[in-house]
Amino acid sequence: MTAGVWHAGGMIHSVREVGQRALLIEVTAEGDLSLLMTHLAGQPFSGQLDAIPGVRTVLVDFRRRRDAQTALKQAKRLKLRRRRSAASSGSTAKEADGEVPEETLGGGGPAVEIPQSYAEGLQPQEREAVVEVLPNATCESPGQVLVQDLGRYGFGGLGVGRAGPADFSAARQANRLIGNDDSAAVLEICGGGLSVRLCQTSILAVTGAEVPLEILTQEPVPISRGGTEVAQTTQRSRTAPGRAPFWVFPGEVLHLGPPRRGVFSYLGISGGLEAPVVLGSSATDTVAGIGPAPVQVGDRFGLAGAASRFVGIASVAPTPLPLPGEATVLRYVPGPRVEYFGTRRAGAAGLSRLEGQPWEVMTGSNRSSLLLDGDDPLTRTQPEALPAEPLLRGAISIAASGQPSVALAEHPVTSADPVLGVVVREDLSLAAQLSPGAEVRFQAVDPETLGAVSTR
């Protein structure tokens, strides 16, 4: 089974389904790309979230699968008109000819320069700090800590991806447990090792990776010496539950230890963390170089607002964490570039090799990609290079070495590595929680029902 490809003719060469709710539209000539981007900006498809250009293709992401299916029928009949260029010159002529500025392609270039109009007036007001980050003594090498919310949509043309949490389900659950909107900013901790002091009574929740949680309290103990009372303190500790709301009082310190299972954990506080907003989001994007800087010892955060819902309601299912000693199965939808590993009808050879062996998660995997290694690398049957194409989160790209990688939250905007399949949205959080040494297997599924399908 492979994803459908429709050859439209005219300026639109083909339309391919990508994953569960995206389309890859290929133009006949590079000069037609800007015409397509202009059309999608002025007359977007219903439910269109983003349109991301490559060299000859545009990836259109949708809110729902039915939106993508409706757009698929429309895209096959799409007619683009060339603009008259007789009276055009300079930069206008280049735009008419369809050249796409290199900086819009993203994927490994310099940090994106955000227009001043996007950033003005978006810095948070000075408010009383509620959370202070302290040195952590529970981990020898504490992991990276970032501010994340649900990310930013609609800026693929600027070379800016969505970013957001590596484990979306866990971040949502943290917010819902403490009564926040899903979009409230949280702290994402990679590998554990965070200590924070609370400056006021607060309700917190920690989700995602399974980490030990300890709350330390300094309590005054009066001691009498020679008839004079001397104030001393003693330290008491208590454990806090994971994936459940708990109280922390002024002056108390919460320690997050190293994960027992999983990689990324999320700390939410009722009211949400206050952080700068760039392009409509407080998410840190370390690839594009926008959003709040990585969290450092001594950083202090205020509250963005008040909780908007009841505490303790978490309708988001908790992320299933990888089981020790067992292979993790990642479901995927084949395509869009199966033919690079066989003819379109014989492309199942590449899919069979992908599914027919275990893959080991490699050191170096991070928020950008899950790097995999197997004993029987895939072999490309088309020698010609693939012009850089937009990437979708979950894309299974095959490097020149034949080893696959899975695109995660901060994946490059474009890549010249062909994409053999796309991991389904329901398994992306699980993929992000896989640590080096874990074993992965792939299973092709139907994008509508998620039922297993044969690739033979």
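The values are calculated or read from the model by the stated rules, or taken from the named source; none is laboratory data. Keep in mind the model is a prediction, meaning the values are calculated, not measured. Every residue, glycine among them, receives a Cβ derived from its backbone with ideal geometry; neighbour counts consider all protein chains shown.
Residue by residue through the stretch 191-220, note down the ones that are aliphatic (A, V, I, L, M), without any contact (Cβ under 8 Å) to a residue 60 or more places away in the chain and either assigned to a strand (DSSP E or B) or surrounded by fewer than 20 Cβ atoms within 10 Å (Cβ to Cβ) (or both). If you could, list the steps in order and put the result at the bottom.
At the first step, the residues of the stretch 191-220 found to be aliphatic (A, V, I, L, M) are 194, 196, 198, 203-206, 209, 211, 213, 215-216.
Filter again for without any contact (Cβ under 8 Å) to a residue 60 or more places away in the chain, leaving 211, 213, 215-216.
Listed by number, the residues that qualify are 213, 215, 216.
For the stretch 157-166, a residue qualifies if it is surrounded by 24 or more Cβ atoms within 10 Å (Cβ to Cβ) and at negative phi, and the qualifying residues are 160, 161, 165, 166. Looking only at the stretch 245-263, filter to residues that are surrounded by fewer than 24 Cβ atoms within 10 Å (Cβ to Cβ) and of a type in the set (A, V, I, L, M, F, W, C); which one of those is farthest from the chain's Cα centre (by Cα)? Here the residue is 249.
State all residues of the stretch 415-424 that are part of a loop (DSSP other than H, G, I, E, B) and touching a helix residue (DSSP H, G or I) at 6+ places or on another chain (Cβ under 9 Å); if no residue qualifies, say none.
Narrowing the stretch 415-424 to residues part of a loop (DSSP other than H, G, I, E, B): 416-418, 424.
Scanning the stretch 415-424 gives a single hit, 418.
For the stretch 425-452, a tally of residues being assigned to a loop (DSSP other than H, G, I, E, B) and surrounded by fewer than 20 Cβ atoms within 10 Å (Cβ to Cβ) returns 8.
Here is a check on your reading of the model: is residue 455 free of Cβ contacts under 8 Å to residues at least 12 places away in the same chain and part of a loop (DSSP other than H, G, I, E, B)? Let's see the steps before the verdict.
Working: free of Cβ contacts under 8 Å to residues at least 12 places away in the same chain: no; part of a loop (DSSP other than H, G, I, E, B): yes.
Here the answer is no, as residue 455 does not meet what is asked.
Among 66, 84, which is the only one that is at pLDDT below 95 and loosely packed, with under 15 Cβ neighbours inside 10 Å? Spell out how you get there, then give the answer.
On the way: 66 fails: at pLDDT below 95.
Going through 66, 84 in turn, just one is at pLDDT below 95 and loosely packed, with under 15 Cβ neighbours inside 10 Å: 84.
Number of residues in the stretch 167-190 that are crowded, with 24+ Cβ neighbours inside 10 Å and in a loop (DSSP other than H, G, I, E, B): the value is 5.
Got at least one residue in the stretch 252-263 being more than 30 Å from residue 361 (Cβ to Cβ) and not in a helix (DSSP H, G or I)? Taking every residue of the stretch 252-263 in turn, at least one turns out to be more than 30 Å from residue 361 (Cβ to Cβ) and not in a helix (DSSP H, G or I).
Looking for whichever is assigned to a loop (DSSP other than H, G, I, E, B) and buried (at least 18 other Cβ atoms within 10 Å of the Cβ) here; the options are 412, 383, 377, 387. Which one fits? Unique residue meeting the criteria: 412.
Residue by residue, here is whether (1) crowded, with 20+ Cβ neighbours inside 10 Å; (2) closer than 23 Å to residue 200 by Cβ; (3) in contact with a strand residue (DSSP E or B) (Cβ under 7 Å, 6 or more places away or on another chain) holds:
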| residue | (1), (2), (3) |
| --- | --- |
| 233 | no, yes, yes |
| 243 | no, no, yes |
| 265 | yes, yes, yes |
| 280 | no, no, no |
| 283 | yes, no, yes |
| 288 | yes, no, no |
